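A short worksheet on the structure shown next.
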Amino acid sequence: MASLNDQHSLDDARHVLNNVFGFDDFRHAQAEVVEALLQGDHALAVMPTGAGKSMCFQIPAILNSTGLAVVVSPLVALMEDQVASLAVNDVAAVTINSSRDWESNAANWRRVAAGEIRLLYISPERLMTGRMLSALENLPVGLIAVDEAHCISRWGPSFRPEYENLSALKEYFPAVPIAALTATADQATRNDIVDQLFNNAGHVIVSGFDRPNICISVTMRGSWKQQMLDFVKARSGKSGIVYCLSRKQTEEAALYLADQGMAALPYHAGMKKSDRWAHQDAFMNRTGVVIVATIAFGMGIDKSDVRYVLHTNLPGNVEAYYQEIGRAGRDGEPAEAHLLYGLDDIRMRRMFIDQDNGGDNYKRREHKRLDALIAYCESPTCRRHALLDYFGDNVAVDENCGNCDICLDPPELVDGAIIGGDILNAVHLTGQRFGAAHLIDVLRGAANEKIRKFAHEDLSCHGVAKEFSKDELRSIICQMVAAGFLQLDIEGHGGLSISAKGQNFSSGKFEFNYRKDQVHVSVKVIKKKKKIAHELSNQETGLFEALKQQRLTLARQQGVPAYVIFPDKTLIDMASRKPLNEDEFAMVHGVGDAKIKKFAVPFLTAIAHFFDANN
């Protein structure tokens, strides 16, 4: 079995990068990963979403003209889109997956066996069957790529059992370099991936986790529907993703937004497959569509112009949160990630962990992961710094990043000794079994039926915090839970009790400062943003829209997502350059040899028609 480095150098790889994909040079850590694979070494690449991970294994696969690259991918949609993108660039790639009929899969396998194919995309379940492994052992496999590699690790929050068997690949193909790729993996997860796939013998290349173009913000959830509407409405006409915790909430949120005039569509695993595909197609190919989804939507979605991600609930952990917000701003242009969370989220997430089938060590680890996310939400300092610090990327940004809610609008910290003591006293006097809503009513001096039922109007704590609004008290209580003074009854209905740390609150041993004005959501689009690479004039903006329409026409003709033809970044460069012939068209960012042949004429024609109509 020939090694990838028998004939090829990094200069050869740059030639492929330019001629096939139309890019001048590698970015981020791409060159380092490509070079390791060309040398026949294993490599784990941890790179941000949108950093070009796929190209790290596609280029070595193209250079290895006599061998086959096997690409392991968890999602059918992702496999199909990657194959379509490669086909547009005249790269021989196929997929064998469950969405295709037997005849299609059989025909693709015959092409693989005949040596016509450079890249075979396949799921881990289908790859790790005895029959498939035996067949591949008889072929010149020169490279194996494992996408979404964090799924192999039991240390990670996204472990998938079907990935576990991939650890046997090094025994079946001992001389074949393996590329493992992921956008999110903390140190423990990275160590586990390297151990399972490489026997600790590979390169680990971490290019950094920072996405400086994404403005990140967190706020307490109040009236979540109104907060969601305010946020989405202020960004009307822009593509966005709204994540919800359940299928029911997803349907409810999408309907609410649609009733308010927003172009919102639901997406979750309980929908008919045809409806999911139709909604995904609308989101991918139309501007200004809001997809309201569970986490079933996202992995492998390569839409570059998602301008925001809004979480209406707390994600399961920092890794999941990071991966989900990474779907915004893949084009490098300004984007936003906003998170709403509340006490109910914390209780639900704790309950999910405790009800999981994992052992005690697993549950302890997941509770710690959740603790880290709660601490991030309640952090009084730079969000970006806290997020990157979690991944060990603590030198990436200054203490003030200038593009998160804390840095743009520093919160006012208030001494919470008195109100904190009042809240703890109310929890104690009411028997440490009521939730936040009832405690807030007690503290504000309400006289409702529940107060009277338990005679809580007679307690000394009744009405001691009348000057605080419900939202303010809800925020302070949540901050006390995050700080460890209060704990939630996870199995029950969210009743609050005093923790061991809370028992020492009045001693002054622990300081408690709370943040004011946490229940709000800015409906203004953050003004402090990076400038786009090229500010289009009014005429160029019109041309850009005409080019997008031409792209959509070609995409529909070929049955592929619009970005497969060209991403927005290419169309922006095209609108700026205004090429008049093939030589000028070849200079556009992201235009390789195959795309010159296929698309120069229709796009040059569209440019000519635009200027004929506007002169």
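The values are calculated or read from the model by the stated rules, or taken from the named source; none is laboratory data. What you see is a predicted model; the values in this text were computed from it and never measured. When we count neighbours, we look across all protein chains shown, and the Cβ atoms used for this are built from the backbone with ideal geometry, even at glycine.
Annotations
- Of all the listed residues (LEU387, LEU343), the sole one being closer than 23 Å to TRP224 by Cα and either touching a Cys at 6+ places or on another chain (Cβ under 9 Å) or touching a residue at least 24 places away in the same chain (Cβ under 8 Å) (or both) is LEU343.
- So SER104, is it touching a helix residue (DSSP H, G or I) at 6+ places or on another chain (Cβ under 6 Å) and without any contact (Cβ under 8 Å) to a residue 60 or more places away in the chain: no
- Segment 313-340, residues that are modelled with pLDDT of 90 or more and either surrounded by fewer than 22 Cβ atoms within 10 Å (Cβ to Cβ) or more than 15 Å from the chain's Cα centre (by Cα) (or both): ASN313, PRO334, LEU340
- Within segment 457-472, being farther than 20 Å from LEU429 by Cα and buried (at least 18 other Cβ atoms within 10 Å of the Cβ) holds for one residue alone: GLU472.
- VAL112 vs. criteria at pLDDT 95 or above and under 22 Å from ILE193 (Cβ atoms): no
- Whichever residue in segment 486-501 is out of contact with any Lys or Arg (no Cβ under 6 Å at 6 or more places or on another chain), in a loop (DSSP other than H, G, I, E, B) and surrounded by 15 or more Cβ atoms within 10 Å (Cβ to Cβ) and, among such residues, is modelled with the lowest pLDDT: ASP489
- Residue list for segment 502-547, filter: over 35 Å from the mean Cα position of the chain (by Cα), within 29 Å of SER217 (Cα to Cα) and modelled with pLDDT of 85 or more: GLY502
- When we screen LEU245, LEU314, LEU265, LEU257 for residues that are in contact (Cβ under 8 Å) with a residue 12 or more places away in the chain and in contact with a His (Cβ under 8 Å, 6 or more places away or on another chain), the only hit is LEU265.
- Residue in segment 103-118 that is buried (at least 16 other Cβ atoms within 10 Å of the Cβ), in a loop (DSSP other than H, G, I, E, B) and in contact with a strand residue (DSSP E or B) (Cβ under 7 Å, 6 or more places away or on another chain) present: yes
- Across segment 383-396, the qualifying residues are those that are part of a loop (DSSP other than H, G, I, E, B) and among the aliphatic types (A, V, I, L, M), and the one among them that is modelled with the highest pLDDT is VAL395.
- Test: ASP81 is buried (at least 17 other Cβ atoms within 10 Å of the Cβ), out of contact with any Leu (no Cβ under 8 Å at 6 or more places or on another chain), under 30 Å from PRO567 (Cα atoms) and acidic (Asp, Glu): yes
- Restricting segment 440-456 to residues that are of a type in the set (Val, Ile, Thr) and surrounded by 20 or more Cβ atoms within 10 Å (Cβ to Cβ), the residue that is farthest from the chain's Cα centre (by Cα): VAL442
- Residue within segment 382-391 that is under 20 Å from ARG221 (Cβ atoms), assigned by TED's automatic domain parsing to the domain that holds VAL289 and charged (D, E, K, R) present: yes
- The helices (runs of 4 or more DSSP H) falling completely within segment 397-476 that include 1 or more residues that are under 23 Å from LYS509 (Cα atoms), touching a Cys at 6+ places or on another chain (Cβ under 8 Å) and not hydrophobic (A, V, I, L, M, F, W, C) map to 417-429.
- Matching option when the condition is within 23 Å of TRP109 (Cα to Cα), touching a residue at least 60 places away in the same chain (Cβ under 8 Å) and not assigned by TED's automatic domain parsing to the domain that holds ALA482, among GLY202, GLY222, GLY142: GLY142
- Within the option set LEU310, LEU265, being over 27 Å from ASP186 (Cα atoms) and at pLDDT 90 or above holds for one residue only, LEU265.
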